[in-house]
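S.K.: Have a look at the structure that comes next, please.
The values are calculated or read from the model by the stated rules, or taken from the named source; none is laboratory data. What you see is a predicted model, and the numbers here were worked out from it, not measured in a lab. Ideal geometry is used to build each Cβ from the backbone, glycine not excepted, and the neighbour counts take in all protein chains shown. We work out accessible area using only protein heavy atoms, side chains counted, and drop any ligands, DNA or RNA first. Shrake-Rupley method; radii C 1.70, N 1.55, O 1.52, S 1.80 Å.
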Amino acid sequence: MEYRGYGISGSRTAALGFGGMRFESPQDTDKSAATVLRAFNKGITYFDTAPGYCEDQSEIIIGTAVKEMKKSGEPFTVSTKSNKPDGTVLRRELERSLKRLNVDVIDYYNCWYVLTLEDWERRKKGGAVEAILKAKEEGLIRHAAFSTHLPGPHIRQVIEEGFFEGVTLGYSVINSPFRQDGIRAAVENGMGVVVMNPLGGGIIPPNEKAFGFLKARPEQNMLEAALHYLLSDDRITVSLVGFRNDNDVDTAVEAVNSFFPYTADQMEYIESRVAREFNSFCTSCMYCNVCPEDIPVWAFMETHNHFRLKGGEDILGHLRGYWGTAIDALERCTSCRKCERACTQHLPILERFEELKAAVKTS
Ligand code: SF4
Ligand code: SF4
């Protein structure tokens, strides 16, 4: 396992983090906690969760594993979040997280999901930021951070206001140009950088044809290539992978254990390919799940990714077989653009709906 410093804070953590948002059996606390412990025993020390994840069971699962981790005497850290703008409500949520996680101090506490600069202003006005800093002063939080899907220059703006020691952001080859300036700003300000969605919402590993340029050596598989590329970027402290089960833990740990840093030339080549080709893919984060007409926007956007990668073949089959929906659902769209305003990647969703419809007609 690879270990790294969290900015200039003095804290250290494993470079592969446990993302607690994808447990396959969240109602089975013991089974899920066993997966967390398996990761801990393999050297993972950063465990990320949030209220609401996995039917609101994720904090409870991590907290169950924490009881066992404490007995080992080995180091581990927990990260959780609150998206509440109101400071009083955030404080209540933080106190509940402490109890659920079975800790006296939360190592990394994130002002969660800052989506726009207006939203950021609401967090400050509502008292959320103040409540986080007060909890830190009281010793309930070790490091204050924020999690965001903002574009790079906006992330820089928040960072330069100087409240936080770390940033958690969606980042992979698919969207790296879009967030690059945020990473630069974090490093300039001595902050820890935690990346979510390092596999591009699962798009990268199965698509060797499109992403094969990430491989530096022929024997690497695509999971290794995606992770090795991020691990070769020493500005990134932790790459968070969402684990469903023991097998996901084993394969990701194996990928990290076979890490061999890419050369500067290899990184430059990948970055030039990325800058040209991959800044506008849907990452399947599902934050566009806000449609008043109940259209599963993310399903159509993920299908659009496949359409771009593989051409127009079998769009209808993919929608039906993978998502249980049909192209006709788009007829309900009223063009209110609520989904576009919620999209973490700021993608032109309605334009893509039209492209899908046109591709279906001509196929
Ligand atoms: S623009 Fe269409 S798909 Fe998006 S939220 Fe509005 S009705 Fe739903
Ligand atoms: S369309 Fe945007 S918000 Fe929706 S899943 Fe894709 S990236 Fe996320």
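S.K.: What number of residues within the stretch 240-294 are under 20 Å from Arg308 (Cβ atoms), surrounded by 14 or more Cβ atoms within 10 Å (Cβ to Cβ) and among the aliphatic types (A, V, I, L, M)?
M.R.: Total meeting the criteria: 3.
S.K.: Now for a separate question. Every residue in the stretch 71-102 that is part of a helix (DSSP H, G or I) and open to solvent by 50 Å² or more (accessible area, probe 1.4 Å), please.
M.R.: Result: Lys71, Ser72, Thr88, Arg91, Arg92, Glu95, Arg96, Lys99.
S.K.: Within the stretch 346-360, track down each residue that is under 15 Å from Ala299 (Cα atoms) and either in contact with a helix residue (DSSP H, G or I) (Cβ under 8 Å, 6 or more places away or on another chain) or within 11 Å of ligand 2 (Cβ to nearest atom) (or both).
M.R.: Leu347, Pro348, Ile349, Leu350, Arg352, Phe353, Glu355, Leu356, Lys357, listed by residue number.
S.K.: Could you say which residue among Ala186, Ala128 is in contact with a helix residue (DSSP H, G or I) (Cβ under 9 Å, 6 or more places away or on another chain) and closer than 19 Å to Arg4 by Cβ?
M.R.: Just a single option satisfies the conditions, and that option is Ala186.
S.K.: Mind listing whichever residues of the stretch 104-150 are surrounded by 22 or more Cβ atoms within 10 Å (Cβ to Cβ) and more than 22 Å from the chain's Cα centre (by Cα)?
M.R.: Ala131
S.K.: What is the residue count in the stretch 282-294 for residues that are within 11 Å of ligand 2 (Cβ to nearest atom) and modelled with pLDDT of 80 or more?
M.R.: 6
S.K.: Looking for something surrounded by 16 or more Cβ atoms within 10 Å (Cβ to Cβ), within 15 Å of ligand 2 (Cβ to nearest atom) and hydroxyl-bearing (Ser, Thr, Tyr) - is there at least one such residue anywhere in the stretch 315-324?
M.R.: Within the stretch 315-324, none of the residues are surrounded by 16 or more Cβ atoms within 10 Å (Cβ to Cβ), within 15 Å of ligand 2 (Cβ to nearest atom) and hydroxyl-bearing (Ser, Thr, Tyr).
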